[in-house]
Amino acid sequence: MQNKKTIMLFSAVCILIFHLWIYVTDLQIEMYLRQVCVIGVDLFFFLSAYSISKRGKIEYKSFMIDRFYKVYFKFIIFSIVGALYLNWDGIQFIKVIMGIDFFEKGGGSFLWFLPSIMLVYLIVPLYKKMDEKYSKITPFLTILLYLFISIIVSLFTTYTSLFIFTNRIPIILLGYYFAKHNIFTYLNDTKVRYWITTMITLIFGIIISYLVYVNHFRVVWYKDIFYILYIPLCIGLVLLLDKIGTNKLSNSIGSSTLELYGLQMIFGFKVANLVFKYINIKLFSNIVTMIFLIIIAIVVRYIFDLQDKLRFSTTIRSR
């Protein structure tokens, strides 16, 4: 993978559109494009697993400490802001930062993606160790276990809130094995092979995702299966976006995706409504809202970076 930041930028914009876009027309294509922007989350899961797989030997404790400061510490800060802004009581705040809210409500929980990505950081390094030791059976047993649990939960329980995370397990595994088996290198060996694969997955993915949208595809025995059906489109987009180069601006925005996610989920709806109230032109309002949130996210990320540098320098001095 050559241009990870490009994919992160695209993913962040997709999530912004999914949450805050005000429809400009009544066309089905616009509604489809907004709904399919949910795959921005899937792309982040793919990238996270890919990055972990690409790492050499992982020292688990230091890796998790690093992830805590870079992800969960920010989640706690955003939770404090959310508690003040949304008037939570102490119990709700504890449930959010302990991950209980996520396990109870799934995608309806506060900033659900951050606890779920921490689960990826917790589990994938352990999966990697197991896969290195039992490489022939680990992926098959994992998929079989995942399918078994998903079908049982779908058929016999009402506890489906976590499917917003668990049904991303296949794209997480694909990210992991794309890195392990050097799929990008293999495809890049021949330009024709790369672009044929890209176009097939893109076209097939667009067709499948559009059919899912227009038909409101549901199956009783496998709840929220549409996440699985979005995988071809995700892979096609990853391959396409990896060919788009980066610059300082895209790198800066791509590095601020966590902050952008937090800000839009806390203040984004308020910002979008205020912008539209004063501008009253839907397309222009959408653009202004996104630019404003991106700028604030970059500023907040810069503040977090200063704090991280201060923590690092303090650690060095203490040694």
Self-check item: Qualifying position, being out of contact with any Lys or Arg (no Cβ under 6 Å at 6 or more places or on another chain), open to solvent by 60 Å² or more (accessible area, probe 1.4 Å) and either β-branched (V, I, T) or within 18 Å of I7 (Cβ to Cβ) (or both), among I203, I208, I235, I225
Solution: I203
Quiz prompt | Where a residue in segment 279-303 is in contact (Cβ under 8 Å) with a residue 60 or more places away in the chain and under 14 Å from G254 (Cα atoms) and its partner, wherever it lies, is polar (S, T, N, Q) and open to solvent by less than 40 Å² (accessible area, probe 1.4 Å), with Cβ under 6 Å and at least six apart | solution = L293/Q264
Quiz item: If we scan segment 220-232, do we find a residue that is of a type in the set (K, R), modelled with pLDDT under 95 and under 23 Å from I117 (Cα atoms)?
Solution: yes
Practice problem: With the condition kept exactly as written, say whether any residue in segment 71-79 is surrounded by fewer than 21 Cβ atoms within 10 Å (Cβ to Cβ) and basic (K, R). | Solution: no
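Suppose we keep only residues that are among the hydroxyl-bearing types (S, T, Y) and within 16 Å of the chain's Cα centre (by Cα) within segment 101-138. Which one would you say is nearest to F163 (Cα to Cα)? So that I can check it myself, show each step before the final result.
We begin by selecting, within segment 101-138, every residue among the hydroxyl-bearing types (S, T, Y); these are 109, 116, 121, 127, 134-135, 138.
With within 16 Å of the chain's Cα centre (by Cα) added as a condition, the list becomes 109, 116, 121.
Working: S109: 13, S116: 11, Y121: 18 Å.
Among residues in segment 101-138 that are among the hydroxyl-bearing types (S, T, Y) and within 16 Å of the chain's Cα centre (by Cα), the one nearest to F163 (Cα to Cα) is S116.
Mind listing whichever residues of segment 205-234 are basic (K, R) and without any contact (Cβ under 8 Å) to a residue 12 or more places away in the chain? Spell out the reasoning first.
Going through segment 205-234, the residues basic (K, R) turn out to be 218, 223.
The answer is R218, and nothing else.
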Exercise. From L119, L114, grab the single residue that is within 21 Å of I171 (Cβ to Cβ) and out of contact with any Lys or Arg (no Cβ under 9 Å at 6 or more places or on another chain).
Key: L119
Self-check item: Residue satisfying all of: in segment 32-45; surrounded by fewer than 24 Cβ atoms within 10 Å (Cβ to Cβ) and free of Cβ contacts under 8 Å to residues at least 60 places away in the same chain; nearest to L241 (Cα to Cα) among these
Solution: C37
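Mind listing whichever residues of segment 21-43 are of a type in the set (A, V, I, L, M, F, W, C) and over 14 Å from the mean Cα position of the chain (by Cα)? Give the derivation first.
Let us first name the residues in segment 21-43 that are of a type in the set (A, V, I, L, M, F, W, C), namely 21-22, 24, 27, 29, 31, 33, 36-39, 41, 43.
Correct list: W21, I22, V24, L27, I29, M31, L33.
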Exercise. Enumerate the pairs (first residue in segment 243-261 and touching a residue at least 60 places away in the same chain (Cβ under 8 Å); second residue anywhere and aromatic (F, W, Y)) with beta-carbon separation below 8 Å, excluding pairs fewer than 6 apart on the same chain, so at least 6 apart or on different chains.
Key: T257/F44; E259/F304; Y261/F113
Practice problem: Tell me, please, whether a residue that is hydrophobic (A, V, I, L, M, F, W, C), closer than 23 Å to S256 by Cα, without any contact (Cβ under 8 Å) to a residue 24 or more places away in the chain and in a helix (DSSP H, G or I) can be found in segment 93-100. | Solution: yes
Exercise. Consider S62 carefully, then state whether it is in contact (Cβ under 8 Å) with a residue 12 or more places away in the chain and of a type in the set (S, T, Y).
Key: no
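Say we look at segment 143-159 and pick out the residues that are open to solvent by 40 Å² or more (accessible area, probe 1.4 Å) and touching a residue at least 24 places away in the same chain (Cβ under 8 Å); which of these is farthest from the chain's Cα centre (by Cα)? Write out each step before concluding.
At the first step, the residues of segment 143-159 found to be open to solvent by 40 Å² or more (accessible area, probe 1.4 Å) are 143-145, 147-149, 151-152, 155-159.
Next, only the ones that are touching a residue at least 24 places away in the same chain (Cβ under 8 Å) stay: 143, 151, 155.
Values: I143: 21, I151: 24, L155: 27 Å.
That would be L155.
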Quiz item: Does at least one position in segment 49-62 carry a residue that is within 23 Å of T160 (Cβ to Cβ) and open to solvent by 20 Å² or more (accessible area, probe 1.4 Å)?
Solution: no
Practice problem: Can you tell me which residue among I65, I29 is assigned to a helix (DSSP H, G or I), β-branched (V, I, T), open to solvent by 50 Å² or more (accessible area, probe 1.4 Å) and closer than 30 Å to P139 by Cα? | Solution: I65
Exercise. Within segment 87-115, count every residue that is in contact with a helix residue (DSSP H, G or I) (Cβ under 8 Å, 6 or more places away or on another chain), surrounded by fewer than 16 Cβ atoms within 10 Å (Cβ to Cβ) and of a type in the set (A, V, I, L, M, F, W, C).
Key: 2
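The values are calculated or read from the model by the stated rules, or taken from the named source; none is laboratory data. Bear in mind that the values here come from a model prediction, so they are computed numbers and not experimental data. We place every Cβ from the backbone using ideal geometry, glycine too, and count neighbours over all the protein chains shown. For accessibility, only protein heavy atoms count, side chains too; no ligands or nucleic acids. Shrake-Rupley method; radii C 1.70, N 1.55, O 1.52, S 1.80 Å.
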